[in-house]
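The values are calculated or read from the model by the stated rules, or taken from the named source; none is laboratory data. Bear in mind the structure is a predicted one, so any value in this text is a computation, not a measurement. Quick reminder, even Gly has a Cβ in these numbers, built from the backbone with ideal geometry, and neighbours come from all protein chains shown.
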Amino acid sequence: MQAAIASVYVEKLMADWLVEHAAPNLSDPGRYANGVTHWIAFFQHERTGGRLLGPPTVADITSALVKRFHAWRRLQGVGGHTISRDTAALRQPLNWAWKHNLIASVPFIPDVKSKAEPRELV
């Protein structure tokens, strides 16, 4: 049964996705678990700043929130490719939940704008 996006908690979907999809199917699920950890810290940062009133629901995920996450990670000195992978740790659980009829719709999750050019092999 599909749930309205305003009643489904993102952190729960992320946890379910890590256990039910990432761990058995992805070659390096630890990378995504690390990205989920960053999102959880960011959600706490947003609650502390008064921009989230509680645990985020799918309806709380907006382009503006994702862009704040990108800026927050950049302030930590993280590069664009890592931020992109962290963003996938949000996008993939939401898409997984939608494909499994757990939520009625998925918000657009923008990728990070600037990534470094590929490095030359030496």
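Before moving on, here are some points about what is shown:
- Any hit, segment 72-93, residues being on the phi > 0 side of the Ramachandran plot and either outside any helix (DSSP H, G or I) or within 12 Å of the chain's Cα centre (by Cα) (or both): yes
- Scan segment 27-42 for residues that are outside any helix (DSSP H, G or I) and either under 21 Å from V78 (Cβ atoms) or basic (K, R) (or both) and the total you get is 1.
- Listed conditions (1) assigned to a loop (DSSP other than H, G, I, E, B); (2) at pLDDT 90 or above are all met by L13, apart from (1).
- Looking across T62, T87, one residue alone is within 23 Å of K113 (Cα to Cα), buried (at least 18 other Cβ atoms within 10 Å of the Cβ) and not hydrophobic (A, V, I, L, M, F, W, C). It is T87.
- First in segment 91-111 and free of Cβ contacts under 8 Å to residues at least 40 places away in the same chain, second anywhere and in a loop (DSSP other than H, G, I, E, B) and of a type in the set (A, V, I, L, M), Cβ under 7 Å, 6 or more apart: R91/I109; N95/V106; W98/V106
- Condition met for L75 (among the aliphatic types (A, V, I, L, M), surrounded by fewer than 16 Cβ atoms within 10 Å (Cβ to Cβ) and either touching a Lys or Arg at 6+ places or on another chain (Cβ under 8 Å) or at pLDDT 95 or above (or both)): yes
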